[in-house]
Amino acid sequence: DAECRALGARDSKELTPSRRTVLCREITARFPVAVVAYSPGEIDTARETMTLNDFMARAHAEVISRLGPDLAYVDACDVDASRYGGNVSAHLRSPCRIVSGHHADRQYAVVGAASIVAKVTRDTAIAALASEHGEIGSGYPSDPYTVAHLEKYLRDRGHPPPYARRSWATVRDIEDRIRQRSLSEF
C-alpha cells in the first residue's frame, strides 16, 4: 500500500483523466495487475440468477484469484462490508484474507490504484465505442448525453444497443418511458 501511496494512487474520482492515465501506466509497469472485463450480455445473463453485488463479488474474486495474494483489499459493494468480504472469499480459488470496506479506494492506496486501472480501462472502452457509434456520453446514468443516446437508439431500433446492459435500470427506465408514450398515443 505504501508504494501505491508514494506514486500518488488514490480514488480515481479525485484525479483528472490525464493524471489517471499517467498513473495507470506507472501502476501497470510496477505492479502485477489483472483486469477482468465482462460484456453487457454476460452481465445480463448472470443477473438472471444473481444480484449485481453477487456478480461483483465473483468479479473481485476472479481478479484476486488471478493475482494470488495472501491479503487483498476490496471496496465493498454491499451495505454490509463484512458480508461482501465473505462473499468474495467464497468464490476464491485459493486462500486469501479479504479486507472489505466502504470507500476502500479512499482508505487504501492499493484499492485507489485498482480504481485507477479500472477507470482508465473503462474510459478507453467507452472512447472506442464512441469512435464506432458517435457520441454516447460517459456511459453513466447521470450523463444526459448517455441517456439521450440510449433514448434515441431505443426509439429508432426498439431495443438497447449491444454495448448496453438490458438489465441496467437506466435502460429499463427509458424503455418504460417509451412504452408509456406509446400507450398515450392511442
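Quick notes on this structure:
- Close pairs (6 angstrom Cβ cut-off, 6 or more residues apart or separate chains): assigned to a helix (DSSP H, G or I) in region 1-23, buried (at least 21 other Cβ atoms within 10 Å of the Cβ) and of a type in the set (Ser, Thr, Tyr) anywhere: Ser12/Ser115; Arg20/Ser12
- Taking every residue in region 36-48 that is within 13 Å of Pro162 (Cα to Cα) and pairing it with any residue that is aliphatic (A, V, I, L, M) and in a loop (DSSP other than H, G, I, E, B), at least 6 positions away or on another chain, the pairs with Cβ-Cβ distances below 9 Å are Pro40/Ala164.
- Among the residues listed as Asp156, Asp173, Asp123, the single one being touching a residue at least 12 places away in the same chain (Cβ under 8 Å), acidic (Asp, Glu) and on the phi < 0 side of the Ramachandran plot: Asp123
Residue-wise test of (1) assigned to a helix (DSSP H, G or I); (2) surrounded by fewer than 16 Cβ atoms within 10 Å (Cβ to Cβ); (3) at pLDDT below 95.
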| position | (1), (2), (3) |
| --- | --- |
| Arg106 | yes, no, yes |
| Val110 | yes, no, no |
| Ala114 | yes, no, no |
| Val117 | yes, no, no |
| Thr124 | yes, yes, no |
| Pro141 | no, yes, yes |
| Arg177 | yes, yes, yes |
| Arg181 | yes, yes, yes |
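- Looking only at region 147-170, and only at residues there that are within 16 Å of the chain's Cα centre (by Cα) and not in a loop (DSSP other than H, G, I, E, B), the one that is surrounded by the most Cβ atoms within 10 Å (Cβ to Cβ): Thr170
- Single condition Ser65 does not satisfy, out of (1) outside any helix (DSSP H, G or I); (2) crowded, with 16+ Cβ neighbours inside 10 Å; (3) of a type in the set (Gly, Ala, Ser): (1)
- Residue, farthest from Tyr140 (Cα to Cα), within region 1-46, restricted to residues that are charged (D, E, K, R), open to solvent by 70 Å² or more (accessible area, probe 1.4 Å) and modelled with pLDDT of 95 or more: Arg30
- In region 75-97, the residues that are outside any helix (DSSP H, G or I) and in contact with a strand residue (DSSP E or B) (Cβ under 6 Å, 6 or more places away or on another chain): Ala76, Cys96, Arg97
- Among the residues of region 68-96, those that are over 23 Å from Arg10 (Cα atoms) and open to solvent by 70 Å² or more (accessible area, probe 1.4 Å) comprise Arg83, Ala90, Arg93, Pro95.
- Flag for Asp75 being at pLDDT 95 or above, out of contact with any Ser or Thr (no Cβ under 8 Å at 6 or more places or on another chain) and among the acidic types (Asp, Glu): no
The values are calculated or read from the model by the stated rules, or taken from the named source; none is laboratory data. For clarity, every value in this text was computed on a predicted model and none was experimentally measured. Counting neighbours? That spans all protein chains shown, and the Cβs are built from the backbone with ideal geometry, glycine included. Note: accessible area is taken over every heavy atom of the protein model, side chains too, but ligands, DNA and RNA are not part of it. Shrake-Rupley method; radii C 1.70, N 1.55, O 1.52, S 1.80 Å.
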